[in-house]
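Some notes on the structure that comes next.
The values are calculated or read from the model by the stated rules, or taken from the named source; none is laboratory data. For clarity, every value in this text was computed on a predicted model and none was experimentally measured. Because the Cβ atoms are built from the backbone with ideal geometry, glycine has one as well, and the counts that use them run over all protein chains shown. The accessibility values were calculated without ligands, DNA or RNA, using every heavy atom of the protein model including side chains. Shrake-Rupley method; radii C 1.70, N 1.55, O 1.52, S 1.80 Å.
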Amino acid sequence: MYAGADRPRVLGRTLPSWSLFTYAFVCVSLVSGAVFGWPAMRSLLRREGTLADRCAGGQTECTQRELGFGLIFTIGSWANQAGRLPVGAILDRYGPRVTLMGSALAFALGSAIFGALSSLESLCAAYALIGMGGAGVQLSVQNVSALFGSRRNTAMSSLSGAFQFGSVVYLLFEVANEQAGASRLSLLSAHAAVAFLIAVVALLIWPTRPFAPPKPREAEPPGEDAPKAPAPTPPSAPSASVSVTPPTLWSQLSSSEYLLMLAFFTGNALHAQFTAGTVGQQLELKGDDDGTMTRVYAAVFSTSAASTPFFGAAVD
């Protein structure tokens with residue numbers, strides 16, 4: 001485990017906690033838009049005529065096309081959520097640096113494919129890589145909160161906010177597509193390049209093992225006139241019959257605390273993903289033909305990330 005003084009060094013200097021946290025926050029913000037950024041991405045795909053070949057009679061809007069969009073989102077969102085289990089196993093086995101680099105490269109590959117190809121099969125596969133890659137990046141960097149001691153929950157909740165804020169990337173892509181005529185290929189290729197850069201930086205600065213909390217500062221020795229404290233009583237040696245065994249994976253998965261959290265997040269995630277996956281179509285049925293309200297929804301949702309540090313601070 002990394003102690004506070006064993007943080008990565010660059011050019012002979014130990015990187016401060018705030019710089020590592022900034023890197024983690026930027027990483028999560030840039031590659032976490034698969035779920036909540038979908039409404040804006042769907043608008044971009046519709047404008048470019050993607051999957052229009054699924055409609056008969058020369059039409060550009062039909063049920064089959066919407067079902068295709070729904071399938072892309074479902075696969076990507078489930079890869080983002082369910083993919084956390086295998087990514088967690090990889091993180092335990094190979095450490096945060098390898099996991100971060102692999103996840104960022106998977107995201108880069110998915111973005112490149114998503115921008116270059118237009119068949120339903122390729123878009124589904126690419127969005128799965130985008131979803132799982134984004135989840136892997138988040139899991140690989142969130143341990144940086146351990147460096148902040150008594151403020152670790154504030155740091156952790158801020159990274160959760162970065163996950164929500166990540167939806168603004170696809171919103172900016174959609175605006176650039178409409179206002180400046182930027183193509184899906186150019187936008188997603190640039191996104192792939194950014195993810196590749198994340199992997200390169202991870203190779204240089206991210207640790208191979210998880211961070212550990214900073215070591216407490218040693219108290220200064222008392223002066224000569226200060227009364228001497230009694231010598232502490234040495235702890236008794238543990239009995240040979242006592243064995244400290246870490247809990248097994250199954251005991252943790254079957255605990256009441258885990259099952260309650262699983263039920264809570266399952267219910268909330270289902271509702272949130274249904275809203276993210278269908279809000280664009282729902283607003284269009286209510287007259288949002290130019291996508292203005294869909295953009296407003298995406299922008300307002302991303303600003304909710306600003307509230308997350310306050311909840312973490314309350315826990316601290």
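Tabulated data
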{"item": "Which listed residue, of Gly136, Gly149, Gly115, is buried (at least 21 other Cβ atoms within 10 Å of the Cβ), assigned to a helix (DSSP H, G or I), in contact (Cβ under 8 Å) with a residue 40 or more places away in the chain and of a type in the set (Gly, Ala, Ser)", "result": "Gly136"}
{"item": "Number of the exception - Ala52 against (1) out of contact with any helix residue (DSSP H, G or I) (no Cβ under 7 Å at 6 or more places or on another chain); (2) closer than 22 Å to Gly115 by Cβ; (3) open to solvent by 10 Å² or more (accessible area, probe 1.4 Å)", "result": "(1)"}
{"item": "Search result, residues across the stretch 39-49 that are of a type outside the set (Lys, Arg), in contact with a helix residue (DSSP H, G or I) (Cβ under 7 Å, 6 or more places away or on another chain) and either open to solvent by 30 Å² or more (accessible area, probe 1.4 Å) or within 21 Å of Ala135 (Cβ to Cβ) (or both)", "result": "Pro39, Ala40, Met41, Glu48"}
{"item": "Exclusive hit being at pLDDT 75 or above and touching a Pro at 6+ places or on another chain (Cβ under 9 Å), set Ala314, Ala299, Ala276, Ala305", "result": "Ala276"}
{"item": "Single match in Leu188, Leu204 (criterion: at pLDDT below 95 and farther than 30 Å from Phe311 by Cα)", "result": "Leu204"}
{"item": "Residue among Arg65, Arg97 that is farther than 22 Å from Leu172 by Cα, in a helix (DSSP H, G or I) and either touching a Cys at 6+ places or on another chain (Cβ under 9 Å) or open to solvent by less than 60 Å² (accessible area, probe 1.4 Å) (or both)", "result": "Arg65"}
{"item": "Hey, Phe36 aromatic (Phe, Trp, Tyr), surrounded by 15 or more Cβ atoms within 10 Å (Cβ to Cβ) and at pLDDT 95 or above or not", "result": "no"}
{"item": "Lone unmet requirement of (1) more than 18 Å from Gly166 (Cβ to Cβ); (2) of a type outside the set (Gly, Ala, Ser); (3) open to solvent by less than 50 Å² (accessible area, probe 1.4 Å); (4) touching a residue at least 60 places away in the same chain (Cβ under 8 Å) for Thr74", "result": "(3)"}
{"item": "Matching residues, the stretch 77-94, being of a type in the set (Val, Ile, Thr) and surrounded by fewer than 20 Cβ atoms within 10 Å (Cβ to Cβ)", "result": "Ile90"}
{"item": "Scan of the stretch 175-188 for residues that are surrounded by fewer than 17 Cβ atoms within 10 Å (Cβ to Cβ) and either under 12 Å from Ala34 (Cα atoms) or not hydrophobic (A, V, I, L, M, F, W, C) (or both), ordered by number", "result": "Glu178, Gln179, Gly181, Ser183, Ser186"}
{"item": "Which numbered condition Val28 misses (of (1) in a helix (DSSP H, G or I); (2) open to solvent by 30 Å² or more (accessible area, probe 1.4 Å); (3) closer than 19 Å to Gly134 by Cα)", "result": "(2)"}
{"item": "Boolean, Leu172 is at pLDDT 95 or above and open to solvent by 90 Å² or more (accessible area, probe 1.4 Å)", "result": "yes"}
{"item": "Test: residue in the stretch 285-293 that is under 25 Å from Leu30 (Cβ atoms), in contact (Cβ under 8 Å) with a residue 24 or more places away in the chain and not in a helix (DSSP H, G or I)", "result": "yes"}
{"item": "Residue match in the stretch 92-107 (condition: of a type in the set (D, E, K, R) and touching an Asp or Glu at 6+ places or on another chain (Cβ under 9 Å))", "result": "no"}
